[in-house]
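Undergrad: Just passing along the structure, written as structure tokens.
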Amino acid sequence: MLKENISLSQLLTLLINFLLGSAIVVGVGGDAKKDAWIAIAASIMFGFGIMLFYYFLISRVPGKNLYELMEIGFKRPLAIIFSNIYSVYFLYLASRVVRDFGELIASAILPSTPIEIISLTICLLMAYILYLGLEVLGRTSEIFTPYLFGFLFLLTILLFASGNANLHEIKPVLGDGLKPVLNALFPTLIVFPFGELIAFTLILPVVTNFKYCLRVSLLGVAIAGALLLFAMFLMIVTLGADALLRSNFPMLSSAREVSIGNFIERIDALVVFIMMLGILVKGSVFMFAGLKGLEYTFRLPYRYFSLPVAMIVSAYSVLISVNFGDHWQEGLEMVPYFLHLPMQFGLPSLLLIAVLWKKRKKKAKPGTKGMKF
Amino acid sequence: MKKCGVMSAILLAAILLAGCWDQRELGEITVVTGMAVDKGENDKYILTVEGINATELNNRTASGFAPSIVYSAEGNSLAELTYRVNEGMSRHLIYSHMRTLIIGEELAKEGIIDFIDFLERNREIRDDFNILIAREAKGSDVLKVTYQFQKSTSLKLHTQLDTMMKDWGGDPGVRMNDVITAWTAPGRQPVMAAVRIKGDPEAGASSENMMKVTPDALVVLDSLAIFKGDKLEGFLTLEDSRNYLWIQNKIVKTSITAECSENKYMGLRVYDTRTKIKGKLENGKARIKIMIRAEAYIDGTHCNDQFDKAKTYEENGEIAQKQINDMVTKTIEKVQKEYGTDIFGFGEVVLRQDYQNFKKVRNNWDEKFADADIQVDTTLIIRRTGIRTKSFLKEVK
């Protein structure tokens, strides 16, 4: 198996795009209405905590990823079971991400194009990227990230220039107290998007300069959080809290408001670019995390699986729900509680305890053999 | 093996690059610029669309045919009707460039809220078109009237309202999303501009109407339609419409007339103005303070004022100040007494500035608005007087 490496800057851009990914498409923290941005600001703090937790977990045994850690913690048979569960989890999330994108395109951009084709094309692209490896994914996101900043900046300028952004829309701040903010925070905002950083436990070990890894990861969370916060702020001041809650894709709706001199109009394409980049990176990272699980189980390079698995993801992205409402409800009511919480915090905590215990045992009896990693 | 790869690459490229299902050629479409919705005779709505004939809009290619085609269809949902109108029109209709939506008065009086959902939900239709009420007329008749310059009424109205708002302020500058926000958000009721047909609607519907110096029919901006909830409540004058804009801090430029001495008037051009509103609830009574700050220049006077003295500026400024105070107060009082519906969004102001108290009166804010204590305070500064100081009127023999 080829040893792969990604640089720190690639890690940074991967993190930013990953966190923005579908969160910027569907909008997060809507429960808090006008104070959604406060909820996001608070969730960044939790994001730091979550990142620290995963880093701490991974750095216990240098160079080992989540699945290899499981082998240390629970022995291989159990680790295979867990890694398969994780593979399914990650691939399911990849399908959800692709579905988000498919719904966006099908309902707002190309209504007569079948969603199957949309999800097939983006999955083919992901398969190709992952076939070439993580390094290519890193470079892809590194190249396109400046455009993301550029477009977001442009969008802001245009929204303010066209007079659609009314800063007074955010008042009253915290009018109904802290309760709606807390409701938005627990657990939705914590597990999505920050809890999904669990996928990075497969990427962090292959970063070249592991020494600075933590710093860069936290910086990535901070930048992505700030962008999310800013995007939410922008959406609130352009759409107002009511329209924001009614929009399926608030970012797109706010971009549609831009109209300068009947000339600069319909700049949806900028937003679709931001979303497409986020979705591509996020979907690929999830798919990579899933593929790594297969690699661990079958002891074959993961890139052999990339095309078939991408096709499975593509098919499931269409099959996971019958309609948009189904998809939405599943994502808000089922996934956070039944999937995210145990997979993001339950199992990893268990694993951390097991690994720490094993390490202590090993330290206590330095002479003994048998602990082969 | 290699051949196979090349073949599959070509195949894939053919499938992936061929384009999508949503393409439309320019020759197959008609652009819809205006839409009118009226109360149906048998069904709920009559939808009228105006599709433009692009060759007639261009002066070089125009050959004197009608600049647009207007067609109506009747049915219960707009979503279906927008496609049903093809029973009379040949090409695909593209709604993304729609500029004007006209609602018949009859429909507005009965409550119009439900078809707006379609307009907001549809991906193709932008939500920032003008939304108007056809006063004492059918929306479809308004759409049919031709006009010399923009040729089609919907384009004419779009330009006209824009000009009006920039130069004087008769159009409330309301777009569809403003109307929806006013419906949904607490503390504000919607308004719309109202238009009327001056002349004979029948005669207006031909291209001969464009050839006359005084057209047989002309669509004129008439008044401000105000709503209570989803129902049309009444009309205010165009003057009120300007005062409404003033309260909304949306005036770009405007002109006012003030009486400088008995039966003698002066005109002022207000070119820079800002409005701040403060609102709070005191013992259950709403107190609204409107502070207007304006800069103006004298644009004509009947009085023999000496505009080379600073004092004259001040005196005239005070007269104008009082005039603005009176105008704005009168408009607000009229709405308070006759309609009792908060079109000015004072509720929103109170919501932002005094949320804890507003929560208690949220559901009956309109009552609180009706007996609110309104105070208007204007500061107007006259900066200059055109290119003359003293008026020649004094020298007239």
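The values are calculated or read from the model by the stated rules, or taken from the named source; none is laboratory data. As the structure is a computational prediction, the values presented were derived from the model and not from experiment. Note that each Cβ is placed from the backbone with ideal geometry, even for glycine, and that neighbours are counted across all protein chains shown.
Undergrad: Please go through the range B:272-292 and give me each residue that is closer than 24 Å to B:ASN363 by Cβ and assigned to a strand (DSSP E or B), ordered by number.
TA: B:ILE277, B:LYS278, B:GLY279, B:LYS280, B:LEU281, B:GLU282, B:LYS285, B:ALA286, B:ARG287, B:ILE288
Undergrad: Can you tell me which residue is farthest from B:ARG175 (Cα to Cα) among those in the range B:214-257 that are part of a loop (DSSP other than H, G, I, E, B) and of a type in the set (S, T, N, Q)?
TA: Among those that are part of a loop (DSSP other than H, G, I, E, B) and of a type in the set (S, T, N, Q), it is B:THR214.
Undergrad: Using the structure shown, decide if A:THR13 is within 14 Å of another protein chain (Cβ to nearest Cβ), out of contact with any Pro (no Cβ under 7 Å at 6 or more places or on another chain) and among the polar types (S, T, N, Q).
TA: no
Undergrad: Can you pull out every residue in the range B:87-114 that is outside any helix (DSSP H, G or I) and either at positive phi or away from chain A (no Cβ under 14 Å) (or both)?
TA: B:GLY88, B:MET89, B:SER90, B:ARG91, B:LEU93, B:LEU101, B:ILE102, B:ILE103, B:GLY104, B:GLY111, B:ILE112
Undergrad: Let me ask something additional. Check A:ILE320, A:ILE279 and return the single one that is surrounded by fewer than 18 Cβ atoms within 10 Å (Cβ to Cβ), at pLDDT 90 or above and away from chain B (no Cβ under 14 Å).
TA: So the residue among A:ILE320, A:ILE279 that is surrounded by fewer than 18 Cβ atoms within 10 Å (Cβ to Cβ), at pLDDT 90 or above and away from chain B (no Cβ under 14 Å) is A:ILE320.
Undergrad: Being among the small types (Gly, Ala, Ser) and not in a helix (DSSP H, G or I) is the requirement here; does B:GLY386 meet it?
TA: Yes; evaluated as a whole, the condition is true for this residue.
Undergrad: Further question on the same structure: Just need a number here: residues in the range B:279-329 that are out of contact with any Ser or Thr (no Cβ under 8 Å at 6 or more places or on another chain), over 17 Å from B:LEU380 (Cα atoms) and buried (at least 18 other Cβ atoms within 10 Å of the Cβ).
TA: Looking only at that region, the number is 4.
Undergrad: Checking A:PRO187 against (1) away from every other protein chain (no Cβ under 14 Å); (2) at pLDDT 80 or above, which single condition isn't satisfied?
TA: Unmet condition: (2).
Undergrad: Among the candidates B:ARG123, B:ARG175, B:ARG135, which residue alone is free of Cβ contacts under 8 Å to residues at least 12 places away in the same chain and either farther than 25 Å from A:ILE236 by Cα or out of contact with any Gly (no Cβ under 9 Å at 6 or more places or on another chain) (or both)?
TA: The match here is B:ARG123.
Undergrad: Can you tell me which of B:VAL70, B:VAL142 is β-branched (Val, Ile, Thr), farther than 30 Å from B:GLU25 by Cβ and away from chain A (no Cβ under 14 Å)?
TA: B:VAL142
Undergrad: Any idea which of B:GLY104, B:GLY51, B:GLY88 is of a type outside the set (A, V, I, L, M), over 21 Å from B:LEU155 (Cα atoms) and in contact (Cβ under 8 Å) with a residue 12 or more places away in the chain?
TA: B:GLY88 is the lone residue from the list that is of a type outside the set (A, V, I, L, M), over 21 Å from B:LEU155 (Cα atoms) and in contact (Cβ under 8 Å) with a residue 12 or more places away in the chain.
Undergrad: Restricting to the range B:179-198, name every residue that is free of Cβ contacts under 8 Å to residues at least 40 places away in the same chain and either at the interface with chain A (Cβ under 10 Å from one of its Cβ atoms) or touching a Phe, Trp or Tyr at 6+ places or on another chain (Cβ under 7 Å) (or both).
TA: Passing the criteria: B:THR181, B:THR184.
Undergrad: Please find, among B:PHE358, B:PHE344, the residue that is within 14 Å of chain A (Cβ to nearest Cβ) and surrounded by 12 or more Cβ atoms within 10 Å (Cβ to Cβ).
TA: Unique residue meeting the criteria: B:PHE358.
Undergrad: Further, regarding this structure: Tell me, please, whether a residue that is surrounded by fewer than 24 Cβ atoms within 10 Å (Cβ to Cβ), of a type in the set (Ser, Thr, Tyr), in contact with a helix residue (DSSP H, G or I) (Cβ under 7 Å, 6 or more places away or on another chain) and in contact (Cβ under 8 Å) with a residue 60 or more places away in the chain can be found in the range A:28-49.
TA: Scanning the range A:28-49 turns up no residue that is surrounded by fewer than 24 Cβ atoms within 10 Å (Cβ to Cβ), of a type in the set (Ser, Thr, Tyr), in contact with a helix residue (DSSP H, G or I) (Cβ under 7 Å, 6 or more places away or on another chain) and in contact (Cβ under 8 Å) with a residue 60 or more places away in the chain.
Undergrad: Suppose we keep only residues that are under 30 Å from A:LEU244 (Cβ atoms) and surrounded by 13 or more Cβ atoms within 10 Å (Cβ to Cβ) within the range A:127-149. Which one would you say is nearest to the other protein chains (Cβ to nearest Cβ)?
TA: Checked the range A:127-149; the qualifying residue nearest to the other protein chains (Cβ to nearest Cβ) is A:PHE144.
Undergrad: Please find, among A:ILE198, A:ILE190, A:ILE157, the residue that is without any contact (Cβ under 8 Å) to a residue 60 or more places away in the chain, more than 30 Å from B:LYS280 (Cβ to Cβ) and aliphatic (A, V, I, L, M).
TA: Going through A:ILE198, A:ILE190, A:ILE157 in turn, just one is without any contact (Cβ under 8 Å) to a residue 60 or more places away in the chain, more than 30 Å from B:LYS280 (Cβ to Cβ) and aliphatic (A, V, I, L, M): A:ILE157.
Undergrad: Confirm whether A:PHE286 is more than 10 Å from chain B (Cβ to nearest Cβ), over 30 Å from B:LEU155 (Cα atoms) and buried (at least 20 other Cβ atoms within 10 Å of the Cβ).
TA: yes
Undergrad: Can you spot a residue in the range B:183-199 that is part of a helix (DSSP H, G or I) and among the aromatic types (Phe, Trp, Tyr)?
TA: yes
Undergrad: Against the conditions (1) under 18 Å from B:ILE292 (Cβ atoms); (2) assigned to a helix (DSSP H, G or I); (3) aliphatic (A, V, I, L, M), where does B:ILE381 fall short? Just the number, please.
TA: Of the numbered conditions (1) under 18 Å from B:ILE292 (Cβ atoms); (2) assigned to a helix (DSSP H, G or I); (3) aliphatic (A, V, I, L, M), the odd one out for B:ILE381 is (2).
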